[in-house]
Every structure is written in C-alpha cells, then in structure tokens.
Amino acid sequence: MARKDPLRTKLCKSLGIEYPIVAFTHCKDVAAAVINAGAFAVLGQTQSTPDQIAANIRWLRERIGDKPFGVDLVFPASVPASATIEELLAGIPAEQKAFADDIARRYGIPEPKRRPDTWDLGWIEKETPRKQLEVVLDERVPVVASGLGNPDFFVKAAHERGMQVWGLVGKQRQAKRELEAGVDVIVAQGMDAAGHTGNVGTFSIVPQVRAIAGDRPVIAAGGVTTGRHLAGAIALGAAGVWTGTLWLASRESDVDMRMKERLIEATSDDTSFSACVSGFTMRTLNSKWHEEWARSDAPKPAPAPYQLMLFGKMKQSAFDWGIKEFMTEAAGQGVGFVNEMKPARKIVSDMVDEAYAVFDELYGSDDA
Ligand SMILES: Cc1cc2nc3c(=O)[nH]c(=O)nc-3n(C[C@H](O)[C@H](O)[C@H](O)COP(=O)(O)O)c2cc1C
C-alpha cells in the first residue's frame, strides 16, 4: 500500500506550499529565500512604519511572485491606548529607571547615538499596531499573524479581504478564545521559544491546542530547529512548524555579525526566560543585563511597555558602541542546534531531508 507523504499536511494544501515549515523573520531576504525554497515565511513588522511595511510587501512580492506569505504584528492589551514617546519615558517607574541608570554608570555604558523612537520599540502603545494593521489589510497580505493579544477585532475585516488570520498562543484557554473569534490557524508556542512566551512547554501546548482546534490547522512553535523536531511536531498533532531562532544566523539574515557569532556558539542553556527585556516574560540570549536584573537586590522589572523602554535604550547603546556583554537578542533553546551559518534554502532542505529520514527510521523506507 502506498504510504501517504507525512509532510504533505493540510497546511501545505491550504497555502499551496511544498513543505509545512513557517519561518518567522524580520529579514526580507530570509523570507524571500524560504518562500522560494517551497516553505512559508511570515515577516515580523512590529518595528516598521506603515510606509516601510508597504515597501517591504512590494519588495517581497517582486521576488516571490504570487506565492503566499504573511506579516506578523502584536496587539498587547496592557499598554496605554495612545501616548507619545516623551509621555511614556516620563511614566517609567522611578525605581527601575534608577536601577537601569546605575547599571549604565557601573559598566560605563554611554548614551546611544540615537534614542530609540516609537517605531523602533514597536508596540509601546496601542495606536502603532493599529496603523500597521491598516496597511496589511489594504495590501491583502495572504496571512496576518497576531503574535500577542487577541486578533478578534480584525478577523472579519481580514476574512472579507480573503486573508487568513493566525494567532500565536501559549495557553489552551487563549487558543479557545481565538478559535471562538474565528482565527483560521493557531500557532501553539511552547516555552522553549524565542521571544514572548508563557510557561507551558511545547510538548504540552501543541496536543492541548490540537484537542480543541477541530479542522483548523495547529502549527507547533518553540524549539523547532531540526527535521527531528518537524517529525515530532507532526506526531504531536501539528500541521506544520513555526520557527524563529533557526533563521537568525542564516547566511541571508541581517542580524549583526557579532550576534550571529554568539548565536552559533550558544548552547541550549544560554538563554533566559525573564521579564527584564520587555516587561512580559520573554526568552532571550543571556547577557549582563539579564544577570543584573536577576540579582537579589534588583527591583522587579517594570511592567510593559516601560521595561522595554529601559532595555531598548541599553540595547541601542550596546550595538552602537560594540559592548558585547550587553548585546542580546530573542533566542530560543533551539539555539543549541544552530551551529553554522547556512543559506536559508539549505536550512529548509536539511530540515525536510532529516524529517523524512526520521520517518524512515521509524517506519522503514518505501524502497526498503
Ligand atoms: C529575534 C526574534 C524576534 C521575535 N519577534 C517576534 C515578534 O515581533 N512577533 C512575534 O509574534 N514573535 C516574535 N518572535 C517569536 C517567533 O515568532 C517564534 O514564535 C519563536 O521564535 C518560535 O520559537 P523558536 O525560536 O524556538 O523557533 C521573535 C523571535 C525571534 C528569534
């Protein structure tokens, strides 16, 4: 009896893609390479202005033709409705500001060459992502993903334009809410993941979401960096994988070369799960900033978005002045599998080849 292709999932069918691999990336070149290799990419645009988003979408379409792609934005509920950067800077709690200033003084960290503005920081108030969303809807991007917050308020508008809405969740009850709101695909993200994440592991969250998703595809995220992970995710009930850390040190990635070197050297226990970067729990590569906020005499990180404003300034200084020990980036535990700088196309084909090899190892190959 002919065996079905285990990688030909319903996600492949619904998007018209060859492989059920989704790259989350901020880098247009990575996105274009991944899509042209037969997989799917979602471009992170939380730090782009509406004009930049429109230009990036045009740029990508020129390189991928009519193949589908996505854009990711975030809609946190617990930030001010609308505020200028000056108003938000004035609202940073005094205790955390004093601690951050003291870190800068003790380590001799100069002011950044340019102070990060609202667009650099991305989601520090609610109006910014709403303006970004308008462009994504106008452009009828095939997939709009919501990385934080419930996308219920734009599901109808997206569907009217023929777009899919994907929601990233870290808890089963968030998935339930988003499924009720009509979201097309749930990305179930475990705490191995880079970036904002809850405290439930990938092995728990993926089958928990699969159990309530009905016919709607579930995509597994958090620690997926090899073909064995891809095969495992499918066995857990996922129709594909959503990956972030995997692309940071790829050949095409525009991540700073000093950071790429650190990512390649890092092992799976070189990341921290902490609120010290953004005020929400987040997994990032360890740095002196993390060590300082983990000290027993450190204050609790400020709530979002104020902690991100403190961190954003320090990060800008670290990169402006080459202060390596304070450089960090969102990175997941899968960083331990990122050991060389490969072209994105090769990352896709290696992952696919390894997944098939795993299925063959489990079930024997057709020609065996
Ligand atoms: C550098 C970096 C930045 C990220 N920024 C965002 C973001 O802006 N929005 C979002 O939804 N997810 C963001 N993420 C998380 C990814 O979308 C993805 O869920 C995560 O990387 C998956 O786990 P993995 O890194 O183990 O593959 C980011 C990830 C990385 C590596």
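Taken together, the values in this text are just the output of simple stated rules run on the coordinates, not laboratory data. As the structure is a computational prediction, the values presented were derived from the model and not from experiment. So basically every Cβ, Gly included, is an ideal-geometry build from the backbone, and we count neighbours across all protein chains shown.
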Seminar exercise, completed: With R295 itself left out, Lys, Arg at +1 and Asp, Glu at -1 over residues whose Cβ is under 13 Å from its Cβ give -1
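So if each residue of separation counts as 0.36 nm, and I subtract the Cα-Cα distance between D269 and R177, what length gain in nm does that give?
Values: separation 92, 0.36 × 92 = 33.12 nm, distance 3.29 nm.
Gain in length upon complete extension: 29.8 nm.
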Problem set entry | Förster-model FRET efficiency, 22 Å R0, N199 and F153, C-beta, rounded to 0.05 | 0.25
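Roughly how big is region 136-256's charge dipole about its Cα centre, with Cβ charges of +1 (Lys, Arg) and -1 (Asp, Glu), in debye to the nearest 20?
440 debye
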Exercise. Can you give the FRET efficiency for N339 and R258, using 1/(1 + (r/R0)^6), R0 = 22 Å, r = Cβ-Cβ distance, to the nearest 0.05?
Worked result: 0.80
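Of the peptides 258-266, 40-48, 61-69, how do they stack up when ordered by the mean number of other Cβ atoms within 10 Å, highest first?
Details: 258-266: 16.9, 40-48: 23.4, 61-69: 13.9.
Going by the mean number of other Cβ atoms within 10 Å, highest first, we get 40-48, 258-266, 61-69.
How high is the relative contact order of region 198-304, given as a whole-number percent (alpha carbon pairs under 8 Å, six or more residues apart)? Walk me through the numbers before you get to the answer.
On the way: 109 pairs, mean separation 18.0, N = 107.
Taking the mean separation of contacting Cα pairs over the length of region 198-304, I get 17 percent.
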For this session: Provide, in order from the shortest bin, the percent of all Cα-Cα pairs of region 212-368 in each 5 Å bin, continuing until the bin that contains the maximum pair distance.
Result: 2, 9, 15, 17, 16, 14, 11, 8, 5, 2, 1, 1, 0
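Return a whole-number percent for the relative contact order of region 118-245, with Cα pairs under 8 Å and 6 or more residues apart as the contact set.
Values: 228 pairs, mean separation 21.3, N = 128.
After rounding, I find 17 percent.
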Seminar exercise, completed: Highest mean packing first, using Cβ neighbours within 10 angstrom, the peptides 50-60, 276-286 sort as 276-286, 50-60
Problem set entry | Rh (Kirkwood; distinct C-alpha pairs) - the chain, Å | 21.0 Å
Exercise. Given a cut-off of under 8 Å on Cα pairs at least six residues apart, what relative contact order in percent is computed for the chain?
Worked result: 19 percent
Seminar exercise, completed: Largest fluctuation, I347, I186, I21 only, Gaussian network model of the chain with Cα springs under 10 angstrom, belongs to I347
For this session: Name the shape class, rounded, prolate or oblate, that the alpha-carbon gyration tensor gives for region 1-104, where a ≥ b ≥ c are the square roots of its eigenvalues, rounded holds for a/c under 1.5, and otherwise prolate holds if a/b is larger than b/c and oblate otherwise.
Result: prolate
Seminar exercise, completed: Per the rule of 0.36 nm per residue minus the C-alpha distance, extending A98 to A55 adds in nm 11.5 nm
Exercise. What nm value, rounded to one decimal, do you get for the distance between I212 and K113 when each label is placed 7 Å out toward the C-beta?
Worked result: 4.8 nm
Exercise. Using 0.36 nm per residue, how much length does the chain from K300 to A235 gain when fully extended, once their Cα-Cα distance is taken away?
Worked result: 19.5 nm
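Among DSSP beta bridges whose residues both lie in the chain, state the antiparallel percentage, nearest 5. Mind showing how you got there, number by number?
Working: 7 of 36 bridges.
Within the chain, antiparallel bridges account for around 20 percent of the total.
Which of the peptides 241-248, 334-341 is most tightly packed, and how do the rest follow, going by the mean number of other Cβ atoms within 10 Å of each residue?
Details: 241-248: 28.0, 334-341: 18.4.
Result, highest mean first: 241-248, 334-341.
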